[in-house]
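One structure below.
The values are calculated or read from the model by the stated rules, or taken from the named source; none is laboratory data. Only a predicted model underlies this, so the values are computations on that prediction, with no experimental measurement involved. Positions of Cβ are backbone-derived with ideal geometry, glycine not excepted, and every protein chain shown enters the neighbour counts.
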Amino acid sequence: MLQLESFIFNPFAENTYVVYDEDTKDCVIIDPGCGTTNEENQLFGFIDSHHLKPLLVISTHGHIDHIMGNEAVKKRYNIKVAAHPDVKGDYGHVRQQAMLFGLFTAADCAFPERDLNDGDIIQVGNSTLEVICTPGHARGSISLYAELEGWVFTGDALFCRSIGRTDLEGGNYEQLRTSIKERLFRLPDDTEVFSGHGEPTTIFDEQRYNMYIG
Ligand SMILES: [Zn+2]
Ligand SMILES: [Zn+2]
């Protein structure tokens, strides 16, 4: 079974997740948003003190709050970044994104070197994460489903009682609604949802109480 550790990083209060197998120590880092040395130390301190073996960085999408720690993680552990091929536009505009949000210039941001497509399976120790394409908030947005654990990582597609904004480049409300209804809401009711921002929730609760989907 996988274990999970979460961190809240950068001015956007972005959730960074470390998903690991306690037996094999294999781990992946989902959306490393660490933007300061202090935040990097928190993330690396956890990984190192648990003797984890990072395999991959996984990007749920290419927004700066989810990718600003890519370079630091890649350098420290010599691992690749994996993402859907459609994120490349956002990755290519990382400087503009930084300026738009008044952040420091994130000049160096490790680009994805491994493509993830719908249905791809990422092995983490004795468990798996399945790639589910959930576009609408950003181009190339993916969710990651851990079937054995009953977890789904939704990036900025679905939040507790909210959904991702669709007014940014590549956003599309109808597409996001379809992603949530046709893909995420078909997962088992008791699936725990871990979002890119905010508290965890469940598919059951969002089907009933999320007012943004209808
Ligand atoms: Zn986003
Ligand atoms: Zn975000």
Among the residues of segment 117-135, are any touching a helix residue (DSSP H, G or I) at 6+ places or on another chain (Cβ under 6 Å), part of a loop (DSSP other than H, G, I, E, B), within 16 Å of ligand 1 (Cβ to nearest atom) and within 25 Å of LEU4 (Cα to Cα)? yes
Under 6 Å between Cβ atoms, which residue pairs at least 6 apart in sequence (or on different chains) link something in segment 35-50 that is among the small types (Gly, Ala, Ser) with a partner that is at pLDDT below 95? GLY35/ASN10; GLY35/MET68
Regarding ASP65, is this residue in a helix (DSSP H, G or I) and within 15 Å of ligand 2 (Cβ to nearest atom)? yes
Residues ILE180, ILE203, ILE132: which one is more than 25 Å from ILE67 (Cβ to Cβ) and either within 16 Å of ligand 2 (Cβ to nearest atom) or surrounded by 15 or more Cβ atoms within 10 Å (Cβ to Cβ) (or both)? ILE203
Collect the residues in segment 17-34 that are touching a Gly at 6+ places or on another chain (Cβ under 9 Å), touching a residue at least 60 places away in the same chain (Cβ under 8 Å) and part of a strand (DSSP E or B), keeping them in residue-number order. TYR20, ASP21, ASP26, CYS27, ILE30
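For LEU148, state whether it is more than 16 Å from ligand 1 (Cβ to nearest atom) and in contact (Cβ under 8 Å) with a residue 40 or more places away in the chain.
Values: more than 16 Å from ligand 1 (Cβ to nearest atom): yes; in contact (Cβ under 8 Å) with a residue 40 or more places away in the chain: yes.
For LEU148, the condition - more than 16 Å from ligand 1 (Cβ to nearest atom) and in contact (Cβ under 8 Å) with a residue 40 or more places away in the chain - is met.
Say whether the condition of being within 16 Å of ligand 1 (Cβ to nearest atom), on the phi < 0 side of the Ramachandran plot and out of contact with any helix residue (DSSP H, G or I) (no Cβ under 7 Å at 6 or more places or on another chain) is met by at least one residue in segment 46-53.
Taking segment 46-53 and keeping what is within 16 Å of ligand 1 (Cβ to nearest atom), we get none.
Checked segment 46-53: no residue is within 16 Å of ligand 1 (Cβ to nearest atom), on the phi < 0 side of the Ramachandran plot and out of contact with any helix residue (DSSP H, G or I) (no Cβ under 7 Å at 6 or more places or on another chain).
Residues are listed down the side, and each one gets a yes or a no for (1) of a type outside the set (Phe, Trp, Tyr); (2) more than 14 Å from GLY170 (Cβ to Cβ); (3) surrounded by fewer than 22 Cβ atoms within 10 Å (Cβ to Cβ):
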| position | (1), (2), (3) |
| --- | --- |
| HIS84 | yes, no, no |
| MET99 | yes, yes, yes |
| LEU103 | yes, yes, yes |
| ASP108 | yes, yes, yes |
| PHE111 | no, yes, yes |
| ALA138 | yes, no, no |
Restricting segment 144-163 to residues that are more than 14 Å from ILE132 (Cβ to Cβ) and either in a strand (DSSP E or B) or at pLDDT below 95 (or both), the residue that is nearest to ligand 2 (Cβ to nearest atom): PHE159
